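This report refers to the structure that appears directly beneath it.
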Amino acid sequence: MGPIFTAHQFVDGAVLYTIRLIFIHENQTNLIVRKVYLSCVAFVHLLSTEVGAQQPLGLPSNLQQYAATSLPSTSEYQLEIDTINFDIGPLTDSDLTGYSTYRVYVATGSPQDQLSAVYGNINEPSTLVSTGSIFQSSPLGEVTPDGIIPAIWSTFPSNQFDSFITIGIEEAPSSANGEGDINIIESTSNPWTEGFEPESGEMGTGIVMNDITGGSWFTLPNFNNGIAGESERILVAQITTDGILSGNLHVQLFLGGDNINGTVYLNLPMPIGGCLDPTACNWNPDATTSSGLCTYAENSLDCEGLCLSDQDGDGVCDGDEIAGCTYEAACNFNPDATDEDGSCAFAIPGTDCNGDCIVDQDNDGICDEADPCIGTVDACGACNGAGPILDCGCEAIPNGDCDCNGNQLDALGICGGGCAADTDQDGVCDDQEVNGCTEPSACNFSPDATEEDGSCSYSNPGYDCAGSCLNDTDGDGICDPFETPGCNDSGACNYDPSATDDDGSCLVPGECSTCDGAVLLTFDADEDGVCDADEILGCTDSEAPNFDQEATEDDGTCKVFGCTDLNASNYDPTATDEDGTCVHTCTGIAGCTYPDAENYATEADCDNGTCVFDCGTQDNCMFDQDGNGLIGSYDLIYFLTFIGLPCTP
């Protein structure tokens, strides 16, 4: 989105003065930072004088020394810090543990006093920094309170703790309440808002305005933001940080709201916040105002959480020690005791402190620790045994036997069997072997044979034992393994008379082809079914005005009508012929059309954005009121003193 120009006007007699502010919205959806950039041309509008006037506005050389009146009591005009939230803690969208929120106010001496601006430059620097990080709510927060949105705090609770600078308001300004925008000035050499609220969403470091051009945040005096009111103070910043704030702020005040006779410029130091109680662990001897809570040591402990006295070094302070038995197994164990006094008493092993068995699983009256058998003795005399469950009752089968009757295994592994030998270990006793062919795939296989005698006979490869083909898919009497694939079409270029199976490789000449030996020559290069000699060239696009329905080959002559002028806004790169439809945004000469520009072109019919303006010479710098060669915060501050007043001769 481009820059937005807004203007405010006031009249001095017959002269019209204009303040024009340029607001840049860098990202409307994530982070909206409102800044005021005073470029050379913009500042000409900001501090305008009557056309043709040559005299400067008369800004004094040092604004801090200039005041139309004196303060009634300087002690009443100071910066004050209120602690809004101390150690905020974890939130659903941010962890603010250790962070506290402070509000900085300019205290005044009258409800009618009005704060116009906070400013700083090389001679009157303003700083607002922290020893820690400054929290910036992302993506909703802004440099000003425009990013504070109470309606979304239930979803984004950290938004209410966003850090911002302001004059008198804590949310976006309400025109119904007479409030106006918080405007910002920063130079390109010192963009101080980027350190306060980095656009990357990171934590800020603070505010430093100390360059020659200077910076400021201000509101126009026709709005009531800066009026002190009954509290006699004006909010200028909300800072959420995990450190300590310090610095100073230069301010422009209108005493009693009188910006002619009551304008003063003050340098207000930042009060040092902290705990003021010297007995507290977090006492700050440099603190001038209370901010946060004082913390104190617990009884018998110092501020580090260590015992004031612990002679035995057990981590229990001497005043908190309890004497007693500290062994958990003892009958008189004291869980509250911290010092062992040797009074522990223990039960007899296996019994509890009352003399009863701790464990007697079989309930035989003998504690398990002394019981030779926890359970029962079986018929075989074994404790908790299974009884006579072995092969021979309570005894196992003797070694070498295969049963309880004294039998042994025969040659075939049969208990008590009669096989004396099985030499080939084929499970058949030697005296029962049958000789023959034992190979199932042999033609003379004998299923009764137990002993191979080498008499097996087999069929020829590809044939069964009867001499028939094992596989003859096409039934031509030639077994599949012996088939010869090839082209068996005698009219084909590659005819093979030895082929027994056609493999689909025949090359048969057609209308646009002929044989050259075994090679098929074709005369249809584009394979469109039309022989090359019969092709008809022409336009084959049916949408083209010169379409030729008899053409079989496109020759690139099809016409496309459209705008062929490269400089036209509707130039058609596909057009081959101009049809007179070209559109030109500027039909004349383009150039700078602003008469005040250095490169003004009298012959230009339309502006092309190349105008150059010179505001750099001393004669042209009529708004440098303090004569330092730059248009900076001094010049703005002086202008704010007179804005909105009627002009008199």
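The values are calculated or read from the model by the stated rules, or taken from the named source; none is laboratory data. Given the structure is predicted, the values throughout are model-derived calculations rather than measurements. FYI the Cβ positions are ideal-geometry reconstructions off the backbone, even for glycines, and counts take in every protein chain you see. Remember, those area values only see protein heavy atoms, side chains included, never the ligands or the DNA or RNA. Shrake-Rupley method; radii C 1.70, N 1.55, O 1.52, S 1.80 Å.
Annotation: of all residues in the range 167-187 being without any contact (Cβ under 8 Å) to a residue 24 or more places away in the chain and open to solvent by 80 Å² or more (accessible area, probe 1.4 Å), the one that is nearest to the chain's Cα centre (by Cα) is SER175. Every condition in (1) at negative phi; (2) open to solvent by 80 Å² or more (accessible area, probe 1.4 Å) is met by CYS380 except one, and the failing one is (2). Could we say that THR576 is open to solvent by 60 Å² or more (accessible area, probe 1.4 Å), under 26 Å from ALA533 (Cα atoms) and of a type in the set (Val, Ile, Thr) here? No, not satisfied. Cβ-Cβ distances below 9 Å connect the following pairs, each with a first residue in the range 545-571 that is under 13 Å from THR581 (Cα atoms), a second residue that is in a strand (DSSP E or B) and not charged (D, E, K, R), and a separation of six or more residues or different chains: ASN570/GLY562; TYR571/GLY562. Answer yes or no as to whether TYR495 is in contact with a Gly (Cβ under 9 Å, 6 or more places away or on another chain), of a type in the set (Ser, Thr, Tyr) and over 30 Å from ASP403 (Cα atoms). Against the criterion (in contact with a Gly (Cβ under 9 Å, 6 or more places away or on another chain), of a type in the set (Ser, Thr, Tyr) and over 30 Å from ASP403 (Cα atoms)), TYR495 qualifies.
Exactly one residue out of PRO278, PRO221 is on the phi < 0 side of the Ramachandran plot and either out of contact with any strand residue (DSSP E or B) (no Cβ under 8 Å at 6 or more places or on another chain) or without any contact (Cβ under 8 Å) to a residue 24 or more places away in the chain (or both): that is PRO278. Applying the set (1) in a strand (DSSP E or B); (2) touching a Leu at 6+ places or on another chain (Cβ under 8 Å); (3) among the aliphatic types (A, V, I, L, M) to LEU235 leaves exactly one unmet item: (2). When residues in the range 553-599 are screened for being among the acidic types (Asp, Glu) and touching a Cys at 6+ places or on another chain (Cβ under 6 Å), 2 of them pass. Applying the condition of being of a type in the set (Gly, Ala, Ser) and either open to solvent by 60 Å² or more (accessible area, probe 1.4 Å) or at pLDDT below 60 (or both) to the range 601-622 and asking which residue is farthest from PHE639 (Cα to Cα) yields GLY609. For the range 211-229, the candidate set comprises residues that are in a loop (DSSP other than H, G, I, E, B) and under 21 Å from TYR102 (Cα atoms); within that set, the residue that is most open to solvent (accessible area, probe 1.4 Å) is GLY229. Checked against the criteria, ASP526 does not count as touching a Phe, Trp or Tyr at 6+ places or on another chain (Cβ under 7 Å) and either under 30 Å from ALA575 (Cα atoms) or part of a loop (DSSP other than H, G, I, E, B) (or both).
Looking only at residues in the range 80-92 that are of a type outside the set (Asp, Glu) and not in a loop (DSSP other than H, G, I, E, B), the one that is surrounded by the most Cβ atoms within 10 Å (Cβ to Cβ) is ILE81. Scan the range 140-150 residue by residue and report those that are open to solvent by 20 Å² or more (accessible area, probe 1.4 Å) and either of a type in the set (D, E, K, R) or touching an Asp or Glu at 6+ places or on another chain (Cβ under 6 Å) (or both). Correct list: ASP146 only. The set of residues in the range 340-364 being under 30 Å from GLY315 (Cα atoms) and either assigned to a loop (DSSP other than H, G, I, E, B) or open to solvent by less than 50 Å² (accessible area, probe 1.4 Å) (or both) consists of ASP341, GLY342, SER343, CYS344, ALA345, PHE346.
For the range 300-317, taking the residues that are within 20 Å of ASP336 (Cβ to Cβ) and touching a residue at least 12 places away in the same chain (Cβ under 8 Å), the one that is least open to solvent (accessible area, probe 1.4 Å) is identified as CYS317.
Any residue that is out of contact with any Lys or Arg (no Cβ under 9 Å at 6 or more places or on another chain) and free of Cβ contacts under 8 Å to residues at least 12 places away in the same chain - is there at least one of those in the range 485-492? Within the range 485-492, one or more residues are out of contact with any Lys or Arg (no Cβ under 9 Å at 6 or more places or on another chain) and free of Cβ contacts under 8 Å to residues at least 12 places away in the same chain.
Can you say whether PHE196 is modelled with pLDDT of 95 or more and under 30 Å from the mean Cα position of the chain (by Cα), as far as the supplied structure shows? When the stated conditions are applied, PHE196 does not pass them. Specify the residue that is nearest to ASN488 (Cα to Cα); the eligible residues are those in the range 508-525 that are open to solvent by 60 Å² or more (accessible area, probe 1.4 Å) and among the charged types (D, E, K, R). Among residues in the range 508-525 that are open to solvent by 60 Å² or more (accessible area, probe 1.4 Å) and among the charged types (D, E, K, R), the one nearest to ASN488 (Cα to Cα) is ASP516.
Residue pairs whose Cβ atoms lie under 6 Å apart, separated by 6 or more positions or on different chains, with the first residue in the range 434-456 and in a loop (DSSP other than H, G, I, E, B) and open to solvent by less than 60 Å² (accessible area, probe 1.4 Å) and the second aromatic (Phe, Trp, Tyr) and at pLDDT 85 or above, are CYS437/PHE445; ALA442/TYR458.
Every residue, every condition in (1) open to solvent by 70 Å² or more (accessible area, probe 1.4 Å); (2) closer than 16 Å to CYS487 by Cβ; (3) assigned to a loop (DSSP other than H, G, I, E, B); (4) among the aliphatic types (A, V, I, L, M), yes or no:
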| position | (1), (2), (3), (4) |
| --- | --- |
| CYS506 | no, yes, yes, no |
| GLU543 | yes, no, yes, no |
| ASP548 | no, no, yes, no |
| GLY556 | no, no, yes, no |
| ALA568 | no, no, yes, yes |
| ASP572 | no, no, yes, no |
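Is there a residue in the range 158-166 that is open to solvent by 10 Å² or more (accessible area, probe 1.4 Å) and either of a type in the set (Lys, Arg) or assigned to a loop (DSSP other than H, G, I, E, B) (or both)? Looking through the range 158-166, none of the residues is open to solvent by 10 Å² or more (accessible area, probe 1.4 Å) and either of a type in the set (Lys, Arg) or assigned to a loop (DSSP other than H, G, I, E, B) (or both).
Flag: SER200 does not match the condition of being without any contact (Cβ under 8 Å) to a residue 60 or more places away in the chain, open to solvent by less than 20 Å² (accessible area, probe 1.4 Å), outside any helix (DSSP H, G or I) and farther than 18 Å from TRP217 by Cβ. Suppose the filter is more than 30 Å from PHE223 (Cα to Cα), at pLDDT 80 or above and surrounded by 18 or more Cβ atoms within 10 Å (Cβ to Cβ); does ASN284 pass it? For ASN284, the condition - more than 30 Å from PHE223 (Cα to Cα), at pLDDT 80 or above and surrounded by 18 or more Cβ atoms within 10 Å (Cβ to Cβ) - is met.
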